[in-house]
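Here's the structure we're looking at; comments come further down.
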Amino acid sequence: MRAPPPRVWAALVALAVGAAGCEGCRGKSPREGVGEEEASPAGAASPPPRRVGVKVPLPPGWSNQPTQDGSLQFGPPQHPVLRVDLRPNEGASLPEPEALLDSVSRAFEGFTRSDARAEKGTDFVMVRVMLAATGEDAGESEAHPAFIGARRVGRDLFLCASLPGVTVEEVQRAAEACAGIHVPANVP
């Protein structure tokens, strides 16, 4: 598969990073509800949220690729496919598929969205789409797969998104990994 054109690449990165904000989630943002005594001193970076014991079922050959921003990325070596962000105590805000589709539509205004598929389970929601940039010359670029989803585990919410430059098969595997996020029964 060829690399996406720069405009598509930028939009797909925006989708992946935008998933961390989850406009469709009904919960509060990560900094809401933090009292003065809990807030970081001015200028100090707050540590990213962590959840010990979380298991993500990965396809063969995939591994965890931590990032400096606190998110986790998974995929084959040197090719991250899936981004996962933790939203502690926001499990009650699992978004509806329509909210995720609306978020994708707003983020990709000016793009042709096709083959949109939404799936919802008791504790997860997934949206897979094909996106193509529409050029000023009324032409359309090659469509590229994308995925955004959320998984509730206990009281926490895990936001998932595919990263740019992935294949349809990798998007499917990323969605399966996101839907399978869990904490074993013996982990608090």
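Among the residues of region 95-113, those that are loosely packed, with under 15 Cβ neighbours inside 10 Å and under 17 Å from residue 145 (Cβ atoms) comprise 105, 112. Put simply, of 92, 118, 138, 146 the only residue that is modelled with pLDDT of 90 or more and surrounded by fewer than 15 Cβ atoms within 10 Å (Cβ to Cβ) is 92. The residues listed here are 48, 77; of these, the one that is surrounded by fewer than 19 Cβ atoms within 10 Å (Cβ to Cβ), at pLDDT 90 or above and touching a Ser or Thr at 6+ places or on another chain (Cβ under 9 Å) is 77.
Note on region 121-135: among residues that are assigned to a strand (DSSP E or B) and not hydrophobic (A, V, I, L, M, F, W, C), the one that is modelled with the lowest pLDDT is 134. A count restricted to region 110-136 and to residues that are touching an Asp or Glu at 6+ places or on another chain (Cβ under 9 Å), of a type in the set (A, V, I, L, M) and touching a residue at least 40 places away in the same chain (Cβ under 8 Å) stands at 3.
Residue 169 - would you say it is of a type in the set (Asp, Glu) and within 20 Å of residue 59 (Cβ to Cβ)? In short, yes.
Looking only at region 163-183, how many residues end up being part of a strand (DSSP E or B) and either under 29 Å from residue 133 (Cα atoms) or among the charged types (D, E, K, R) (or both)? The number of residues fulfilling the criteria is 0. Evaluate region 150-162: report whether one residue or more is part of a strand (DSSP E or B), buried (at least 23 other Cβ atoms within 10 Å of the Cβ) and more than 13 Å from the chain's Cα centre (by Cα). Within region 150-162, not a single residue is part of a strand (DSSP E or B), buried (at least 23 other Cβ atoms within 10 Å of the Cβ) and more than 13 Å from the chain's Cα centre (by Cα).
For first residues located in region 65-78 and under 15 Å from residue 158 (Cβ atoms), partners that are in a loop (DSSP other than H, G, I, E, B) and among the aromatic types (Phe, Trp, Tyr) and lie 6+ apart or on another chain with Cβ distances below 8 Å form the pairs 74/62.
Taking only pairs six or more apart or across chains, which ones have beta-carbon atoms under 7 Å, a first residue in region 80-109 that is touching a residue at least 24 places away in the same chain (Cβ under 8 Å) and within 16 Å of residue 129 (Cα to Cα), and a second residue that is part of a helix (DSSP H, G or I) and of a type in the set (Asp, Glu)? Filtered contacts from region 80-109: 81/170. The residues in region 52-106 that are within 19 Å of residue 120 (Cα to Cα) and of a type in the set (S, T, N, Q) can be counted, and the count is 3.
The values are calculated or read from the model by the stated rules, or taken from the named source; none is laboratory data. All values reported here derive from a predicted model rather than from experimental measurement. Virtual Cβ from ideal backbone geometry, glycine too; neighbours counted across all protein chains shown.
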